[in-house]
Each structure stands twice: as C-alpha cells, then as structure tokens.
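Read through the structure below, which is laid out as structure tokens, and then see the notes.
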Amino acid sequence: MSRSQQLHRPGPPSGPPGDDTGCPILHVDMDAFYASVELRTRPELRGRPVIVGGEVRGVVLSATYEARRFGVHSAMPMARARRLCPHAVVIAPHFADYSSVSAGVMGIFRSVTPAVEPLALDEAFLDVSGAIRRLGSPARIGQLIRERVVADQGITCSVGVASTKYVAKLASTRAKPDGLLVVPRDKVVDFLHPLPVGALWGVGDKTQEILIRLGLRTVRDVAHMPQPALERALGSALGARLAALAWGRDERSVVADEPDKSVGAEETFATDIDDPAAVRRELLRLSERVAVRLRSAGLQGRTVSIKIRFANFHTVTRARTLPDPTDIAREIYATARGLYEGLQLGRAPLRLVGVRVEGLLPADAPRQLLLDERAHGWREAEQAADRAAQRFGGRVVWPASLIEQSDDRGRKE
DNA sequence: TCTGGGGTCCTCTCCCTA
DNA sequence: TCTGTAGGGAGAGGACCC
C-alpha cells in the first residue's frame with residue numbers, strides 16, 4: 001500500500017499510487033466539511049482555528065485542522081472546545097449551505113457512477129466497477145473526483161480505495177486531510193491488524209471498554225479471538241461482525257437510494273423546562289416539522305415515538321403503532337401527546353423532547369380506506385399549508401396554539 | 001466537563017396467537 | 001377446554017455513526 005501525493009492544487013490525474021486491482025470501492029469523505037464550507041465565504045479565516053457549533057448547550061459540529069491541533073474534535077462540548085482553543089473563531093452552522101454543497105458533491109459522484117451510497121452530507125461510498133473502462137483505474141477515478149470537488153466546490157476531500165466498504169472507509173480516514181490511499185487486496189490484513197480496536201466499525205467507547213477488559217487492544221487481537229468468545233462478550237450480531245471485519249471480510253455492497261426508515265425531530269431547550277403546556281407546544285411544533293418532511297418525501301409511517309431527556313440526562317422513549325400509516329401533523333401530535341401524558345411526569349424538568357415516525361412506506365402505497373375515514377380532511381389542509389409555504393417562503397400557516405407562546409421562553413432561537 | 005440532532009441497528013422483554 | 005411452547009410483532013433501551 002502507498003499513500004498518494006497530497007493534492008494541494010488541481011492538476012492532471014497522476015498514475016495509480018498502489019495496486020488497485022480488484023478494489024472498486026471508493027469512500028469519499030470531505031475534510032472538516034462544515035468548517036471548509038464556512039471558509040469559502042470567509043477566506044480571511046484560512047489558516048486560523050475555526051470551530052462550527054451551537055452557542056448554547058452545543059457541541060462542536062466541525063473544526064478546522066488548525067483547531068484540531070489544540071485537541072478540539074467534533075461532538076465535543078463547546079464549552080470545553082473554547083477552553084482548549086480560546087482564540088478559535090466560532091461560527092454558528094448554516095445547514096442550508098452545507099446541503100447545497102453536498103448536493104453539488106453528490107452530483108460529481110453520480111457523474112462518475114450511478115452506484116453512489118451517501119452516508120451523510122459529507123461522505124459516500126462509490127462502486128466504480130462500471131466506470132473503469134471509461135475513466136481508468138479506481139485510484140485514477142478517486143484522483144479525478146478529488147480534483148473536481150476542489151474545482152467545482154472549493155473544498156478538499158479524502159478518498160479511500162479498497163475491495164470492501166469497511167477498508168475503503170478506514171483508508172479515507174488514514175488519508176486525511178486532502179489525500180488518497182489505496183489498500184491493495186493482498187495487503188488488507190497487514191493494513192488492519194496493527195490498528196487499535198476502536199478502528200473497527202461498531203466499536204465505540206462501551207464496546208472498546210469490554211474488548212480492553214478481555215485483553216484485546218488491536219484488530220489483530222480481535223482477529224485471533226475465537227468467534228464464540230467474542231459473541232458471548234458482545235452479543236451474536238456484533239461479535240460475528242467484528243470477527244469478520246478483523247480479517248477484512250465485509251460482504252456489504254454499495255446500495256444507491258436506500259429508503260429512509262424513520263423521520264424525526266428533536267429539540268434541546270436552552271434551559272430545562274418543567275411546564276407541561278410548554279412541552280406540549282414543543283411536541284406540536286416537532287410533529288409539524290416531522291409531518292412536513294414526511295409529506296415532502298412522499299412517505300407515511302405507522303409508529304410514532306417520543307423521546308424525553310430529563311435534566312440529569314436520563315432518557316426515556318415511548319412508542320405507539322397506529323392502525324394506519326400517517327403523515328398528518330395532527331395525528332402525530334395526538335399520539336405523541338398521549339405518550340407524553342402517559343408518562344405522568346408532572347413538573348419534572350426536561351432538557352430535550354423529540355418526536356419520530358418509523359415504519360415508513362410510500363404515501364401512495366395502496367391501503368384499506370376505513371369505513372368512517374374522510375377522504376378529504378386534515379391531510380389536504382396540511383398539504384395546502386405546504387403549498388402556501390412553498391409559494392410564500394417559510395411556514396405561513398401554523399396551528400393556533402403555536403402562534404401565541406409568549407410564555408415559552410425556554411425554547412432555543 | 002458537560003454532553004446536538006439526525007439517524008440505524010441490536011438486544012431483551014412482553015404479549016398475543018397458533 | 002386447558003397447558004406448554006415457539007414465533008412474531010411491538011415496545012423500550014442502549015450503543016453507535018456522522
């Protein structure tokens with residue numbers, strides 16, 4: 001395996017940096033994505049530590065490599081990040097900009113191959129098997145993509161090239177920032193085995209703790225652990241998965257257009273709230289948000305769940321499955337409210353509430369119309385509100401209970 | 001030290017039904 | 001009709017990912 005030259009400015013694709021035969025899977029990952037997008041509009045900040053994150057009760061969403069040198073990393077509480085890097089420039093996130101750049105980047109990927117599986121706004125797997133004859137080897141294609149992303153979107157990305165998704169993803173991480181790494185088929189085990197167990201996909205803090213307790217510190221240790229012992233310690237699914245990944249075995253293919261399985265929204269309050277009326281208003285607002293997103297995606301769901309996080313961070317969820325799928329805010333809210341009332345929380349201080357709809361299927365899927373079901377009703381009313389929002393920009397029709405909320409001071413914004 | 005928001009997947013338990 | 005059991009769906013919670 002070999003690391004390619006770092007591409008600091010666009011140029012003609014160079015020769016393949018390693019043997020990429022039989023390595024059609026690319027993992028492309030934008031470097032410090034949110035921060036890089038912000039630097040496009042504020043180039044005077046280039047070279048300085050920049051942190052993108054919320055102001056109140058927030059965490060770091062993205063940080064430039066200059067900030068990372070001070071120990072700042074994503075998901076770190078903002079208060080801690082500011083202490084570690086007090087001279088960093090802190091920018092509030094602009095998600096609309098990130099979505100727009102992401103759409104452009106995904107467009108570049110799809111111009112190379114239709115087999116694109118987005119994982120997040122800033123990364124995707126590509127299967128370039130069908131593009132090799134047209135564009136060259138996988139490594140050349142990776143280089144081409146890197147150049148196009150810089151030229152079209154003004155940000156850099158890193159690319160991992162391998163025979164499986166898992167190894168490609170690890171490779172892109174090792175290539176960061178602004179690099180490309182090929183892991184040849186016959187070097188996968190050499191590449192994986194020295195890595196710490198935390199590099200295995202699905203190993204977070206808790207699982208790492210268990211593995212270390214078992215005396216397993218590297219991927220090699222995991223690979224040589226008998227699979228039944230791993231399964232006893234971690235459960236059958238995770239144990240079997242780690243046993244396979246530790247030897248580089250990963251059967252998953254690149255799946256384009258994987259349908260969503262749930263749609264949800266949640267809100268952390270600037271300060272804890274204990275007023276049930278304010279909680280109900282928030283549930284209504286979140287139900288509205290979820291319903292709008294369901295309708296715009298042409299989806300309906302059968303199971304409504306709520307999430308309640310108490311001031312001490314303890315979290316509970318409750319769910320109810322409806323007889324029929326819905327995309328109507330009124331129905332989602334009625335279910336969410338019923339679940340909330342069922343908890344009988346009184347005035348317990350809450351820091352977060354969330355609403356989620358699961359069990360999704362296309363809104364136009366055939367279903368039985370109930371005898372007393374009105375063919376036209378709330379759904380049509382809410383669709384009319386959607387059209388008004390599209391036409392006039394923003395949400396112009398709201399439930400009356402959301403319009404007057406002068407006592408709702410706990411909410412962010 | 002103080003922990004977002006959007007998701008997916010897995011495990012365990014309970015309940016219903018055959 | 002009663003009992004034991006197995007399987008599936010639903011619900012709750014936890015871990016993980018970006």
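Every number in this text was worked out from the coordinates using simple rules, so none of it is lab data. Everything numeric in this text was worked out from a predicted model, so none of it was measured. So basically every Cβ, Gly included, is an ideal-geometry build from the backbone, and we count neighbours across all protein chains shown.
Contact order for chain A, expressed relative to its length and based on alpha carbon pairs under 8 Å spaced 6+ residues apart, stands at 14 percent. Legend: helices of chain A (whole DSSP H runs) are marked when their alpha-carbon atoms reach 24 angstrom or more along the helix axis and their mean Kyte-Doolittle hydropathy is at least -1.0; marked are A:95-112, A:276-297.
Projecting the Cα atoms of A:G239, A:L286, A:F70 onto the dipole axis of chain A, where Lys and Arg carry +1 and Asp and Glu carry -1 at the beta carbon, places A:F70 farthest toward the positive end. By a straight-distance test (C-alpha under 14 Å), which aspartates and glutamates pair with A:K307 as possible cross-link partners, with residues fewer than eight away in the same chain excluded? Partners within reach: A:E266, A:E267, A:E282, A:E341, A:E358.
Label sites at A:R133 and A:R318, each approximated as a point 7 angstrom past Cα along Cα to Cβ, lie 6.0 nm apart. Leaving out same-chain residues fewer than 8 places away, which lysines sit with a Cα under 18 Å from that of A:K165? A:K165 reaches A:K176, A:K187.
In this simple spin-label model, placing a label point 7 Å from the Cα along the Cα-to-Cβ direction at both A:R249 and A:A103 gives a separation of 4.3 nm. Among the trypsin sites (Lys or Arg not before Pro) within region A:252-285, those in coil by DSSP and having at most 14 neighbouring Cβ atoms inside 10 Å are A:R252, A:K261. Taking chain A as a Gaussian network of alpha-carbon nodes connected by springs under 10 Å, the highest mean-square fluctuation of the residues A:L284, A:L126, A:L345 belongs to A:L345.
Distance from the alpha carbon centroid of region A:222-264 to that of region A:76-110 works out to 30 angstrom. Applying the Karplus relation 6.51 cos²θ - 1.76 cosθ + 1.60 with θ = phi - 60° to region A:197-203 yields 3J(HN,Hα) values of 4, x, 6, 6, 5, x, 9 Hz, where x marks Gly and Pro.
Of all the options A:Q344, A:Q300, A:Q143, the one that moves most in a Gaussian network model of chain A with Cα springs shorter than 10 angstrom is A:Q344.
Applying the criteria of a DSSP loop state and at most 11 other Cβ atoms within 10 Å to the GluC sites (Glu not before Pro) of region A:52-157 yields A:E55.
Helices in chain A, meaning DSSP H runs of at least 4 residues, each add -39500 (n - 2.57). Divided by all residues, the mean residue ellipticity at 222 nm is -11500 deg cm²/dmol. Given A:P196, A:G298, A:G130, which one lies farthest toward the positive end of the charge dipole of chain A, if we put +1 on the Cβ of every Lys and Arg and -1 on the Cβ of every Asp and Glu? Toward the positive end, the furthest listed residue is A:P196.
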